[in-house]
Amino acid sequence: MLKIGLTGSIAVGKSVVCGILAELGCHLIDADETARKVVAAGTKGLRKIVGSFGEEILMPDGELNRSRLGAIVFADKEKRLLLNSIVHPLVIEDQNLWLLHWETADPDGIAVVDAALMIESGSYKRFDALVVVWCEPAIQLKRLMLRDNLSKKEAQNRIGSQMPQDEKKRYADFLIDTSKSIEETRRQTVEIYERLALLADM
């Protein structure tokens, strides 16, 4: 089975690319969904977060208050690193179990792990190839403001908290530029899928 890492900064269109890859038959797992799962109410992940950040990051029903925690970690690099040190190992453990399942279920298939911080955490090294999704910075800013209903300054802070896009691109085996139309993004994604399918057959 071919194991592919897919990454890119916030609001660059990773979800669109993942949707196309899923249509083409790839198995996909989203690190954001996994991260939500490993910090759900009653998990050891949530207990560790509460131990580090306090009970005030909980909602009345015991679930994690994501917007409150987000406001804390996006404003403080040290706290962001602390949160990542708690969540990343749990996410990777879950992904490894998922990869093991598909290795058995579909040994000739393509498994794609979508994670925004794959390069920063070093976890990209465990994949056969890395796809980096990117777009022009002005488009990224506009998309993020619209998507999350943020002010320009809030959106710039969130973008600024991540590794610059140009730096991420240097790690890529394959690049997908989502700056133009959906059709153009699809064309690039299909082209890369066809190249990956050839690798999977080798």
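The values are calculated or read from the model by the stated rules, or taken from the named source; none is laboratory data. As the structure is a prediction and not an experimental result, all values here were calculated from the model. Don't worry about glycine lacking a Cβ; one is built from the backbone with ideal geometry, like all the others, and counts go over all protein chains shown.
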Elements of type helices (runs of 4 or more DSSP H) in the range 52-149, at least 1 residues being closer than 18 Å to Val39 by Cβ: 66-74, 77-105, 118-121
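Just to be sure I understand, how many residues within the range 101-118 are closer than 24 Å to Ser85 by Cα and modelled with pLDDT of 95 or more? Please lay out each step first, then the result.
From the range 101-118, those closer than 24 Å to Ser85 by Cα are 112-118; that's our starting set.
Filter once more, so that each one left must be modelled with pLDDT of 95 or more: 112-114.
Count: 3.
Pull up the range 60-84, narrow it to residues that are touching a residue at least 40 places away in the same chain (Cβ under 8 Å) and more than 17 Å from the chain's Cα centre (by Cα), then point me to the one that is nearest to Leu199 (Cα to Cα).
As a first pass, look at the range 60-84 and keep what is touching a residue at least 40 places away in the same chain (Cβ under 8 Å): 74-75, 77, 80.
Cutting the leftovers down to more than 17 Å from the chain's Cα centre (by Cα) gives us 75, 77.
Details: Ala75: 42, Lys77: 39 Å.
Of everything passing the filter in the range 60-84, Lys77 is nearest to Leu199 (Cα to Cα).
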Does at least one position in the range 85-105 carry a residue that is within 30 Å of Ile182 (Cβ to Cβ), touching a Gly at 6+ places or on another chain (Cβ under 8 Å) and touching a residue at least 60 places away in the same chain (Cβ under 8 Å)? yes
Out of curiosity, is Ile49 of a type in the set (A, V, I, L, M) and modelled with pLDDT of 95 or more? yes
Ala155 versus (1) part of a strand (DSSP E or B); (2) more than 19 Å from Cys18 (Cα to Cα); (3) among the hydrophobic types (A, V, I, L, M, F, W, C): which is the lone unmet condition? (1)
Looking at Val91, Val131 in this structure, which one is modelled with pLDDT of 95 or more and crowded, with 17+ Cβ neighbours inside 10 Å? Val131
Per-region count, the range 137-170, residues surrounded by 13 or more Cβ atoms within 10 Å (Cβ to Cβ), in contact with a helix residue (DSSP H, G or I) (Cβ under 7 Å, 6 or more places away or on another chain) and of a type in the set (D, E, K, R): 2
Among the residues of the range 66-89, which ones are of a type in the set (Lys, Arg) and over 14 Å from Gly54 (Cβ atoms)? Arg66, Lys77, Arg80
Checking the structure you have, find out if any residue of the range 35-44 is under 16 Å from Ala116 (Cα atoms), of a type in the set (Lys, Arg) and modelled with pLDDT under 95. yes
Within the range 151-188, how many residues turn out to be in contact with a Lys or Arg (Cβ under 7 Å, 6 or more places away or on another chain) and either modelled with pLDDT of 95 or more or of a type in the set (D, E, K, R) (or both)? 1
Cβ-Cβ below 8 Å, separation at least six or inter-chain, first residue in the range 34-59 and without any contact (Cβ under 8 Å) to a residue 40 or more places away in the chain and among the β-branched types (Val, Ile, Thr), second outside any helix (DSSP H, G or I) and surrounded by 19 or more Cβ atoms within 10 Å (Cβ to Cβ): which pairs? Ile49/Val39; Ile49/Leu64; Ile57/Leu64
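Do the conditions hold for Lys48, that is, is it part of a helix (DSSP H, G or I) and surrounded by 15 or more Cβ atoms within 10 Å (Cβ to Cβ)? Walk me through how you get there before you give the answer.
Working: part of a helix (DSSP H, G or I): yes; surrounded by 15 or more Cβ atoms within 10 Å (Cβ to Cβ): yes.
Spelling it out, Lys48 is indeed part of a helix (DSSP H, G or I) and surrounded by 15 or more Cβ atoms within 10 Å (Cβ to Cβ).
Identify, please: which residue in the range 16-33 is assigned to a helix (DSSP H, G or I) and modelled with pLDDT of 95 or more and is, among those, nearest to Asn84 (Cα to Cα)?
The initial filter retains those residues of the range 16-33 that are assigned to a helix (DSSP H, G or I), namely 16-23, 31-33.
From what is left, the residues that are modelled with pLDDT of 95 or more are 16-23.
Details: Val16: 25, Val17: 25, Cys18: 23, Gly19: 26, Ile20: 29, Leu21: 27, Ala22: 27, Glu23: 31 Å.
Only one residue tops the list, namely Cys18.
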For the range 11-26, name all the residues that are in contact (Cβ under 8 Å) with a residue 60 or more places away in the chain and either buried (at least 20 other Cβ atoms within 10 Å of the Cβ) or among the hydrophobic types (A, V, I, L, M, F, W, C) (or both). Ala11, Val12, Gly13, Lys14, Val16, Val17, Cys18, Ile20, Leu21, Leu24, Cys26
